[in-house]
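A short write-up of the structure that comes next.
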Amino acid sequence: MGIIRKITGIIDIVVFVATTLAICGVFYEGMTLKWYDFVGILVICMDYSFMPATILHLITDRKEKTIWIHLFSLAIIVVAVIMKLASMEYPAITLVLWYFYIWFFYGFLIVRRHFVVR
């Protein structure tokens, strides 16, 4: 389980960096009022790094208090996939909330892992 925890720590950083870049890209698009192809790639990187990170956390954090937040993340992923398969539109505010939820939560996980003494 130790090696999976190390991998999870690395993936947490990858998710946080990908989310930070995606948020910056979306805000840059909003400031310039143009669409950029690389922002879509950043969002895809964020989403597809968040999904396996959630699954790894469900495995490694079974006995921690944050398991409920990871289960909530899994529920959000399932709802998003169902909406995508049903061709439903996402309201703009849900995407903003999605980005910031991932950003704050994985920032919290990184700070807790590296800077909080247990």
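The values are calculated or read from the model by the stated rules, or taken from the named source; none is laboratory data. As the structure is a computational prediction, the values presented were derived from the model and not from experiment. Glycine also receives a Cβ, built like all others from the backbone with ideal geometry; neighbour counts cover every protein chain displayed. Accessible surface areas use protein heavy atoms only, side chains included; no ligands, DNA or RNA. Shrake-Rupley method; radii C 1.70, N 1.55, O 1.52, S 1.80 Å.
Summary table below
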{"read-out": "Spatial extent of the chain: Rg and Dmax, with the Cα atoms as the point set, Å", "value": "15.1, 47"}
{"read-out": "√(5λ) per eigenvalue of the Cα gyration tensor, region 1-47, largest first, Å", "value": "29, 9, 4"}
{"read-out": "Debye, to nearest 20: dipole size of region 13-72, +1 on Lys, Arg Cβ, -1 on Asp, Glu Cβ", "value": "220 debye"}
{"read-out": "Cβ-Cβ FRET estimate between Ala86 and Val116, R0 fixed at 30 Å, reported to 0.05", "value": "0.15"}
{"read-out": "Table column - 3J(HN,Hα) (Hz), region 68-74, Karplus curve with 6.51, -1.76, 1.60, x for Gly and Pro", "value": "5, 5, 5, 5, 5, 4, 4"}
{"read-out": "Selection from Trp68, Met83, Phe104 lying farthest towards where the dipole of region 45-109 points positive, charges on Cβ", "value": "Trp68"}
{"read-out": "Stretch gain in nm, segment Phe108-Ile41, where the contour uses 0.36 nm per residue and the Cα spacing is subtracted", "value": "21.7 nm"}
{"read-out": "Solvent exposure, largest accessible area first (probe 1.4 Å, DNA, RNA and ligands not counted), of Asp12, Asp47, Asp37", "value": "Asp37, Asp47, Asp12"}
{"read-out": "Portion, in percent, of the accessible area of the chain that falls on carbon or sulfur, probe 1.4 Å", "value": "78 percent"}
{"read-out": "Mean Cα-pair separation over length for the chain, i.e. relative contact order, pairs under 8 Å, 6 or more apart, %", "value": "37 percent"}
{"read-out": "Dipole magnitude of the chain, debye to nearest 20 (Cβ charges: Lys/Arg +1, Asp/Glu -1, about Cα centre)", "value": "600 debye"}
{"read-out": "Per residue value of the accessible surface for the chain (all protein chains in place, 1.4 Å probe), Å²", "value": "67 Å²"}
